[in-house]
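Engineer: Below: one structure in structure tokens.
The values are calculated or read from the model by the stated rules, or taken from the named source; none is laboratory data. Predicted model, so just to flag it, every value in this text is computed and none were measured. Cβ placement follows ideal geometry from the backbone for every residue including glycine, while neighbour counts extend to all protein chains displayed.
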């Protein structure tokens, strides 16, 4: 019962206790109890003082046993019910011991009359009832743990107060020779009966937090101690039959507490622990199966959605390719007709007309370049990658040869910092990436001495401020000393047809080059990022993961 019987965490899991014992064991226990009761009754008929001492010694032993178990486990207990009931047992045992020693005939307190043990009994009874009520109230706040020092301080002060009042003669009389029990004693006994009944009601309300067998034992304990209280209300002689029955009922109540607390907490804690662990394991298995089923369903749903998205993207790419291809023919026709008109009728057209024709040809040419960019973009997205081993140095030479006129015209110094490695990739597409990055570095550059640097890093040499998940891939870079890019536009520049400058600046441009570069790199399973500072230049970093499509 230590933490399982009443713990709010069990929440009724222990609907069947593993500690109830076999039928033979229960029969033996019942026989032993019956024999003990008969024996005690027989002793009471011949020596009531011995009968009283035996019952009270049993009470003291049980109370102190409960306390020592509780105090030893106080740092492990998360159960306020047990904490309050267990710690208060120390002081109940102490008052019970004084009650036994003060009994007439014991000779410990010379001149002691029946009033003294009766007063001590009332003090014990009051603290016992308060302990049960306080413990039951703790069931309503299961997650608010209290320290064992709190009930120890409370019941310690009450015990000290009662003891001082009784032995200094300031406690009301409870028994008067020749008259019997005083109204005060009877009133307190009735009040204690009501408190025990209240504790039973509160415990029953929160019964789902208890093992059913422990609940029955506590209910029996409260019922028997209530019956004992009724006997102690009506007895007239301290060694009479009513007093004797009251002690026997109280003995039965203490035995039930012993079974519910000591036996469950000492002789069978492992059974309770493993029983609860097994129940928890069953719950976890059910939760695991439910989660696995949910994961399977979500995975199937995601796979279906991915297939739908792939099909949609394929259709969109095919549509873009078809539209772009079909648009180029009328665009070329528009350009050619405008060109013929300008050549054949230039003398018959005034200056404004010639400017308009030049504008038509310029716009048609730009639109044709944009359509061509869309064609490239859709082709890269639509066609399978033809991967093969490519010498990037040779590929770079081809790119630089193609840009030779632009490099010469702009007086660009191109530096190859390290020989580029051989990688597995789609050579034509990667050539497009290098072409776009290098040409952008030349176009968007307002320096007198323009520089372009091409190189690569091994994964362990990459600067810390570059956000790339590189694993074991080489990191390539193209660096320029151009106009730079504000950080807020780092993502914007990869959007299709997105330009940071007007068409009349830096040679126009279609706004598709970086979009195509990112598409190629991502199709290779790589990443592209950049670092830049306006006015100083830009560096693009990218990786290529062969075999990823």
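Engineer: Working carefully through the options 360, 349, find the one that is outside the structural domain of residue 433 (by TED's automatic domain parsing), touching a helix residue (DSSP H, G or I) at 6+ places or on another chain (Cβ under 6 Å) and at pLDDT 70 or above.
Structural biologist: 360
Engineer: Would you pick out the residues in segment 444-456 that are closer than 27 Å to residue 425 by Cα, surrounded by 18 or more Cβ atoms within 10 Å (Cβ to Cβ) and either within 51 Å of the chain's Cα centre (by Cα) or at pLDDT below 90 (or both)?
Structural biologist: 454, 456
Engineer: More than 24 Å from residue 182 (Cβ to Cβ) and either modelled with pLDDT of 85 or more or in contact with a strand residue (DSSP E or B) (Cβ under 8 Å, 6 or more places away or on another chain) (or both) - does that describe any residue in segment 114-130?
Structural biologist: no
Engineer: Follow-up. Keeping to segment 333-345, report how many residues are at pLDDT below 70 and surrounded by fewer than 14 Cβ atoms within 10 Å (Cβ to Cβ).
Structural biologist: 1
Engineer: Related question: If you take the residues in segment 206-224 that are part of a helix (DSSP H, G or I) and touching a residue at least 60 places away in the same chain (Cβ under 8 Å), which one is nearest to residue 260 (Cα to Cα)?
Structural biologist: 214
Engineer: Would you check which residues across segment 440-450 are under 17 Å from residue 417 (Cβ atoms) and touching a residue at least 60 places away in the same chain (Cβ under 8 Å) and list them?
Structural biologist: Of everything in segment 440-450, just one residue is under 17 Å from residue 417 (Cβ atoms) and touching a residue at least 60 places away in the same chain (Cβ under 8 Å), namely 441.
Engineer: If we keep just the residues of segment 225-261 that are part of a helix (DSSP H, G or I) and surrounded by fewer than 17 Cβ atoms within 10 Å (Cβ to Cβ), which is modelled with the lowest pLDDT? Quick ask: steps written out before the conclusion?
Structural biologist: Filtering segment 225-261 for residues part of a helix (DSSP H, G or I) gives 225-234, 241-261.
Narrowing the set further to residues that are surrounded by fewer than 17 Cβ atoms within 10 Å (Cβ to Cβ) leaves 230, 234, 241-242.
On the way: 230: 78, 234: 68, 241: 74, 242: 73.
Among those residues, the one meeting the criterion is 234.
Engineer: Of the residues 140, 194, 171, 132, which single one is in a helix (DSSP H, G or I) and either under 25 Å from residue 69 (Cα atoms) or in contact (Cβ under 8 Å) with a residue 40 or more places away in the chain (or both)?
Structural biologist: 132
Here's the yes/no breakdown for (1) modelled with pLDDT under 90; (2) touching a helix residue (DSSP H, G or I) at 6+ places or on another chain (Cβ under 6 Å); (3) crowded, with 17+ Cβ neighbours inside 10 Å:
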position	(1), (2), (3)
135	yes, yes, yes
141	yes, no, no
159	no, yes, yes
162	no, yes, yes
183	yes, no, no
189	yes, yes, yes
193	yes, yes, yes
209	yes, no, yes
223	yes, no, yes
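Engineer: Sticking with this structure for a sec: Filter segment 77-97 down to the residues that are modelled with pLDDT of 85 or more and surrounded by fewer than 24 Cβ atoms within 10 Å (Cβ to Cβ), then identify the one that is nearest to residue 139 (Cα to Cα).
Structural biologist: So the residue we want is 90.
Engineer: Okay, next question. Confirm whether residue 124 is surrounded by fewer than 21 Cβ atoms within 10 Å (Cβ to Cβ) and within 27 Å of residue 253 (Cα to Cα).
Structural biologist: In short, no.
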